[in-house]
Amino acid sequence: MKYPYPLFFIILFGILISFSSCAATGKWNSKATATTIAYKATESKNPIKDYAGNYVTVVYLKNLSFKKIGQNSIKKDVQWLLSQGYRVIELDYKKNKNAKALKINEDIIAINDSISAGSFCNLKNCSQYKSYVLFEGYRIARDVSYFVDDPTVYNTPEQYTVGDSLHMDIIYPANPKVKVPTILSFSYSNSYANYDQEKGKLTDAYKDQRVNLAYTFGGFNDSFLEGTPAHGMAWAIADHPKYCPWGKGKPINGANDTYKSYQTNPDAAQKVKSAVRTLRAFTNKMGLSDKIGIFGFSRGSTAGSMAIGDKEVPALENAGFNVGVSDAVQAAALGPGVFDYTLIYDKTNDGDKNMELRCPWIWGSLEKNRELWESMGSYSLVETAATAPTLFFYNTDDDLYYQDQIAHLKNKLDKLNVPTATLVNYGKGHAVPETAFALNTLYSFFKNYLNPPRLIKNQNE
């Protein structure tokens, strides 16, 4: 052997490179720009995985066509995400003129749909319920505890006897020059305790399902929250307050599935108010302003509506975390939801049959227990003009009871001179706003009341 040492080191160097290299590159088809853009997928040295063994992932949109709020370098923020255990997939828009507000929502939808299908950037193992789209300059505080659940409220499963912590994710600007407001949403995908019969124990299989793509962002092409940074805002998403499968839940010694398709108070309102207080308590740590908006759709609208009213109820204000911090919100956009359970018998065959049948099982007859029934909905928490300005959105071909609920609550707000607005027939059926016009209506409403910083002059959206 004439050159043993050089050959040895060449081989060794090649092996070391193959083991230390953890980035993959390629091209991705952007709908927003109508071009292919470069991506770079980098694995963390200490990756975190979800219960199914898939990688917790951040898709990081960089070099967009508007001002970056966070002052850190992109490299620094990406390295921070990697140090936290995230797989980071950077999409480089190279300041393309269409990498802007509203157009970028098209890519947010495409990214979530692709991750949900297990095909984004040739990666089949991105987490289906712990993957996020982040804009340059933003970081994430994941799994922030906002309330400890009481297992005796829904009693599902029966082996669940010690309450789990409910969580939220907060996406905030890193080292910003100015403070930004935050939009908080309560998921319309439920997290819950699970008892594995084969293992004979409780598992984490269904915890932290608030961004389960099949039931939220991917399943409904919902890009509103993840698109808020393009409008100078931060966002947060919390576990739905009903901590059990949506079609289940029963009172102690009550019938199975008594709570099928609805939530109960004071539990729901306590959790919602504690979530708002917890988010506000983080404002100074995360470069957030004191202004908070609520965005709610479906069961998330029912939950989120608990935050808009101004009535003070000690049992609600003094439960959970950060008692004493304000739980007021400054604006809300609420989609189809349930705000007053006393309305469910006003019409028949309008989509709320589960509630018509089951609500009396726990609350008694409406005729004899009207005050109790009223306390179950957010309508009762609206008292004066100090209630948050609210935009309502719905499609008229959705279940009819949603229109009745919205009309009822809006009428009360109007009589109190609370500012309201409506967005109607932006799509089909039970759906979230998806088009540029509809999304702009929502973002503009929040901008009016939350006053985020402008990202470009004379912004044309």
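The values are calculated or read from the model by the stated rules, or taken from the named source; none is laboratory data. All values derive from a computational prediction rather than experimental measurement. Every residue, glycine among them, receives a Cβ derived from its backbone with ideal geometry; neighbour counts consider all protein chains shown. Only protein heavy atoms, including side chains, enter the accessible area calculation; ligands, DNA and RNA are left aside. Shrake-Rupley method; radii C 1.70, N 1.55, O 1.52, S 1.80 Å.
Summary of values
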{"read-out": "All positions within region 47-81 that are part of a helix (DSSP H, G or I) and open to solvent by 20 Å² or more (accessible area, probe 1.4 Å)", "value": "I74, K75, K76, Q79, W80"}
{"read-out": "Among (1) touching a Gly at 6+ places or on another chain (Cβ under 6 Å); (2) open to solvent by 40 Å² or more (accessible area, probe 1.4 Å); (3) in a helix (DSSP H, G or I) - the single one K285 does not satisfy", "value": "(1)"}
{"read-out": "P336, sole failed condition from (1) closer than 18 Å to D239 by Cα; (2) crowded, with 24+ Cβ neighbours inside 10 Å", "value": "(1)"}
{"read-out": "Residue in region 132-139 that is under 30 Å from A319 (Cβ atoms), touching a strand residue (DSSP E or B) at 6+ places or on another chain (Cβ under 9 Å) and modelled with pLDDT of 95 or more present", "value": "yes"}
{"read-out": "T342, sole failed condition from (1) open to solvent by less than 40 Å² (accessible area, probe 1.4 Å); (2) among the hydroxyl-bearing types (S, T, Y); (3) over 27 Å from L288 (Cα atoms); (4) part of a loop (DSSP other than H, G, I, E, B)", "value": "(4)"}
{"read-out": "Members of region 126-140 found to be within 24 Å of G232 (Cβ to Cβ) and either open to solvent by 20 Å² or more (accessible area, probe 1.4 Å) or of a type in the set (K, R) (or both), listed by number", "value": "R139"}
{"read-out": "Lone unmet requirement of (1) under 25 Å from the mean Cα position of the chain (by Cα); (2) surrounded by 14 or more Cβ atoms within 10 Å (Cβ to Cβ) for T396", "value": "(2)"}
{"read-out": "Residues of region 269-282 classified as touching a helix residue (DSSP H, G or I) at 6+ places or on another chain (Cβ under 6 Å) and either open to solvent by less than 10 Å² (accessible area, probe 1.4 Å) or modelled with pLDDT under 95 (or both), total", "value": "4"}
{"read-out": "First in region 118-136 and farther than 24 Å from K207 by Cα and in contact (Cβ under 8 Å) with a residue 40 or more places away in the chain, second anywhere and in a loop (DSSP other than H, G, I, E, B) and of a type outside the set (A, V, I, L, M, F, W, C), Cβ under 6 Å, 6 or more apart", "value": "E136/K68"}
{"read-out": "Only listed residue being polar (S, T, N, Q), part of a loop (DSSP other than H, G, I, E, B) and touching a residue at least 40 places away in the same chain (Cβ under 8 Å), chosen from N322, N349", "value": "N322"}
{"read-out": "Residue match in region 229-244 (condition: assigned to a loop (DSSP other than H, G, I, E, B) and free of Cβ contacts under 8 Å to residues at least 60 places away in the same chain)", "value": "no"}
{"read-out": "Checking V325 against (1) within 25 Å of L442 (Cα to Cα); (2) open to solvent by 10 Å² or more (accessible area, probe 1.4 Å); (3) not polar (S, T, N, Q), the condition it does not meet", "value": "(1)"}
{"read-out": "Pairs where the first residue, in region 67-79, is closer than 17 Å to L455 by Cβ and the second is open to solvent by 20 Å² or more (accessible area, probe 1.4 Å) and among the charged types (D, E, K, R), C-beta under 6 Å, 6+ apart", "value": "I74/K62"}
{"read-out": "Close pairs from region 30-45: first in a strand (DSSP E or B), partner surrounded by fewer than 16 Cβ atoms within 10 Å (Cβ to Cβ) and of a type in the set (S, T, N, Q), Cβ under 6 Å, at least 6 apart", "value": "T36/N29; K40/T25"}
{"read-out": "Positions within region 350-389 being hydroxyl-bearing (S, T, Y), open to solvent by less than 10 Å² (accessible area, probe 1.4 Å) and out of contact with any Asp or Glu (no Cβ under 7 Å at 6 or more places or on another chain), in sequence order", "value": "S378"}
{"read-out": "Options T441, T435, T384: the member that is in contact with a strand residue (DSSP E or B) (Cβ under 8 Å, 6 or more places away or on another chain) and among the polar types (S, T, N, Q)", "value": "T441"}
{"read-out": "Strands (runs of 3 or more DSSP E) wholly inside region 106-217 containing at least 2 residues that are touching a Ser or Thr at 6+ places or on another chain (Cβ under 8 Å) and closer than 30 Å to K94 by Cα", "value": "126-135, 165-173, 180-186"}
{"read-out": "Subset of region 166-212 that is aromatic (F, W, Y) and closer than 20 Å to F321 by Cβ - its residue that is surrounded by the fewest Cβ atoms within 10 Å (Cβ to Cβ)", "value": "Y172"}
{"read-out": "Flag if T42 is buried (at least 18 other Cβ atoms within 10 Å of the Cβ) and of a type in the set (S, T, Y)", "value": "yes"}
{"read-out": "Residue ID - most open to solvent (accessible area, probe 1.4 Å), chosen from residues in region 288-300 that are under 23 Å from P452 (Cα atoms) and not aliphatic (A, V, I, L, M)", "value": "D290"}
